[in-house]
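Each remark here refers to the structure printed beneath this line.
The values are calculated or read from the model by the stated rules, or taken from the named source; none is laboratory data. Quick caveat, the model's predicted, so the values are computed rather than measured. Quick reminder, even Gly has a Cβ in these numbers, built from the backbone with ideal geometry, and neighbours come from all protein chains shown.
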Amino acid sequence: NENIHGLSDLGYYDTQTPIMVAAKSHQDPSLLQCLLDVGANVAHMTGSVPMLIRHPGHVKVLLEAKADLNANAPTAGLTPLSGVAPMATPETVSAMLAAKS
């Protein structure tokens, strides 16, 4: 769960973890799973990873890892669904809605 430094040149924040970068950059869900398999901690996602989800497969992988997809982002005060909705596919929004129930 180390933060990645030097990512600001690529449009990311230096405080983001590898799993946060993978979600935000539209990586295949298998990459998120791989990061989890090597020790990425979904509890160390600062509440903002759910709002970085771009793929319905991300929802599945993170739910299986017991991520709190209902956590509010500490600084933005948005719910994950309100953060995802403007940028994600309809399938991803549907997966987030299904995860809430």
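Quick one: what pairs do we get from the range 1-28, first residue assigned to a helix (DSSP H, G or I) and modelled with pLDDT of 65 or more, second surrounded by fewer than 15 Cβ atoms within 10 Å (Cβ to Cβ) and of a type in the set (Asp, Glu), C-beta under 6 Å, 6+ apart or different chains?
Between residues of the range 1-28 that are assigned to a helix (DSSP H, G or I) and modelled with pLDDT of 65 or more and residues that are surrounded by fewer than 15 Cβ atoms within 10 Å (Cβ to Cβ) and of a type in the set (Asp, Glu), the close pairs are Leu7/Asp14; Ser8/Asp14.
Report every pair of residues separated by at least 6 positions or lying on different chains whose Cβ atoms are under 7 Å apart, first residue within the range 77-91 and without any contact (Cβ under 8 Å) to a residue 24 or more places away in the chain and part of a loop (DSSP other than H, G, I, E, B), second surrounded by fewer than 18 Cβ atoms within 10 Å (Cβ to Cβ) and not hydrophobic (A, V, I, L, M, F, W, C).
Thr79/Asn72
Among residues belonging to the range 47-89 that are of a type in the set (Ser, Thr, Tyr) and surrounded by 15 or more Cβ atoms within 10 Å (Cβ to Cβ), point out the one that is modelled with the lowest pLDDT.
The selected residue is Ser48.
Going through the range 32-46 one residue at a time, which ones are buried (at least 17 other Cβ atoms within 10 Å of the Cβ) and modelled with pLDDT of 90 or more?
The answer is Leu32, Gln33, Leu35, Leu36.
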